[in-house]
1. With chain C treated as a Gaussian network of Cα nodes joined by springs under 10 Å, which of C:VAL83, C:VAL210, C:VAL139 yields the largest mean-square fluctuation?
2. What percent do you get for the relative contact order of the range D:6-114 when only Cα pairs under 8 Å and 6+ apart count?
3. Suppose every K and R has +1 on its Cβ and every D and E has -1 on its Cβ; what is the size of the dipole of chain B about the Cα centre, in Debye to the nearest 20?
4. Which value in nm describes the separation of the simple spin-label points at D:VAL3 and A:THR95, placed 7 Å from the Cα toward the beta carbon?
5. Long-range amide H contacts for D:ARG50: which residues qualify at under 5 Å (H placed 1.01 Å from N, peptide plane, sequence gap of 5 or more or a different chain)?
6. Residues of A:25-37, mean number of Cβ from any other protein chain within 10 Å of their own Cβ, rounded to a whole number?
7. Is the C-alpha gyration tensor of the range B:2-85 telling us rounded, prolate or oblate? Criteria: a/c under 1.5 is rounded; beyond that, a/b larger than b/c is prolate, otherwise oblate.
8. By Kyte-Doolittle mean hydropathy of at least 1.6 and Cα axial length of at least 30 Å, which whole DSSP H helices of chain D are selected?
Amino acid sequence: MNGWLAAACALVVGGLGPSLWGAARGTTGRRVVAQNMATLLLCLVLLLLAQGYGRPSYTDLALVVCVLGPAGTLVYIRLLGEEIEKHPPGARLLTPAVTIGAPATVVPLCVATGPGRAMAKLLVIGALLVAGGLVTTRALRRG
Amino acid sequence: MGDALDDALLAAGLLLVAAAATAAALCRDPARQAVLLSLLGLGLALLFTVLQAPDVGLSQLAVGSAVTPLMLLLTVRKVRRRKRHE
Amino acid sequence: MRGPIRRWPLAAGLAATAALLVAACLRLPHFGGDRHPYGDRAVRTALLQRTANTVSSVNFDQRALDTLGEESILFAAVLGTVVLLRQTRDEHRVAPQPAPVPPPLRRYGTLALPVALLIGLYVIAHGQLSPGGGFQGGVVVATALHLLYVAVDYRALERIRPVGPYELADGVGEAAYVLLGAAGLLAGSAYLANTLPHGTFNTMASGGTVPLLNAAVGMEVASGVVVLLAHFLGQALEIVGEEGERT
Amino acid sequence: MTVLPYLVAVWIFLIGVYGMATSRNLVHAVGCLAVTQSSTYVLLLAVGYRRGATAPVFSDIPVGTPVVDPVVQALALTDVVVGATVTALLLALVVQTDKRHGTVDPDELTELKG
């Protein structure tokens, strides 16, 4: 039984699925919040999959998501700002997802990999994820 | 046991992509459709990773997460701007 | 044809296509099967050429000519978009109003830009080793530059993005690919043949021409996407018709 | 599980075509074309999958490990890039159509011609 893959599977079913549901209905603001949540969760899932498959090279995908995901959300905020401002979305789940979810995934992975280049990469991804998540959440609240 | 988990991940990825594609095709407002298309892109990237194709997943992520939505939304804005003037 | 009249032919067409496709699916080799004759040969060749990333080896070595075709499609698409979105005589440019950006977002944008740029270059440079390559990295580089638009300001983006040099770089990337192919001919082998020494397996200097072609593609894709987005941005934010539409 | 991936590809193709055919906005139609195109990625990669194998990238696994088919992955990679550029070109055409005719509704455009 591969715990990493099981965790990834649980995050897909319990996290990405509901995010898609959120992105498919409601106001534009809520949809963008769901998109932001999905990029965060996908990044965590990709990290877990890289560990679960025993393929450190797969972490490059997470590295790309953790910068391009927030960039995508910022695109929506910049170009749909007026629509989002009309009905400011609640983004209550985002902050805990970022501040708890990211460390809760990255720290066990760091322990499993041990010190070295791979761990440095993981920490960079974690830092970028938290920074990007916090900034986009704040920008979404302001609309 | 590992096999069952692989199957579960594959099935989850496939169903997520199918659902995202359906939602994106049926959403009539282009701006909201752009949000769903980026969700479809994320789902595809997950599916490609599970299908052991990280190269393809990476290009899907690169293209789908910011560049395509930006082009779609800029087109929407251009069209709306002209509409508003009429 | 409109409304319900159009629905019936569409439903019939979709149902027929669905039936054919499903019938075809049932006859396809089963999902997850063990017979991949082409794949096995491609892997063997890639290892002979000492390229760790087999997909890059297929794209830039074994089937490099196909990639030249793809490159040309990309080049042509960028060219077509530039022509379609150019500013016509009855249009003029109006500088867009600066958008209010909160300082933390501005700081994030200026800090994330170099990081994203580095990630893009890393993805291009490691194309022969780990997942990635010129296409993926090139798009990441282009997206990184546009962080300036989404997180700082459009005018900040314009400052680092004079479109002319990027158009030139797009052409140079395409030309570099073609010329690297000709190097194969000069070396007395076929066009786009991998004539360089193959290097040591699983190091940066491996794969012969693969990293060079990757760099050429990365340059073309990055500048091509920048040019594409520059024209879309210009149309959506700056260019107004004679009726004087406003932002 | 032996045919599910292929059926998902078929479904994505059909729903994309349905969206395009019933679209009332050309920008939406271009989005639906992107959906339709993603069915080809799923189909290609499903054909190349090998159960229990891993990615054909030997930077972090020993040579000789069973790997999935790299040829279809190279094809799908090309497909993704071409798909994005086609989207860009079509969107540019939509902007032009809007300038020339003042509408992006395919039905209204047909009426203009006829």
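A short reminder: the numbers here are calculations on the coordinates, not readings from a lab. None of the values given here were measured: they were computed from a predicted structure. Heads up, the Cβs are rebuilt from the backbone with ideal geometry, glycines too, and the neighbour counts pull from every protein chain shown.
1. Greatest mean-square fluctuation among the candidates belongs to C:VAL83.
2. Values: 104 pairs, mean separation 30.6, N = 109.
Over the range D:6-114, the number comes to 28 percent.
3. Details: 9 positive and 6 negative charges, 234 e Å.
The calculated dipole for chain B is roughly 1120 debye.
4. In this crude spin-label approximation the distance works out to 5.2 nm.
5. Excluding prolines and chain starts, which carry no amide H, the hits are D:ASP69.
6. Numbers: counts 3, 1, 1, 4, 0, 1, 7, 3, 0, 3, 8, 0, 0.
For peptide A:25-37, the averaged partner shielding equals 2.
7. Values: a/c = 6.18, a/b = 2.23, b/c = 2.77.
It is oblate, given that a/c is not under 1.5 and a/b is not larger than b/c.
8. Details: long enough: D:26-48 (34 Å, 1.57); D:70-101 (46 Å, 1.09).
None clear 30 Å together with a mean of 1.6.
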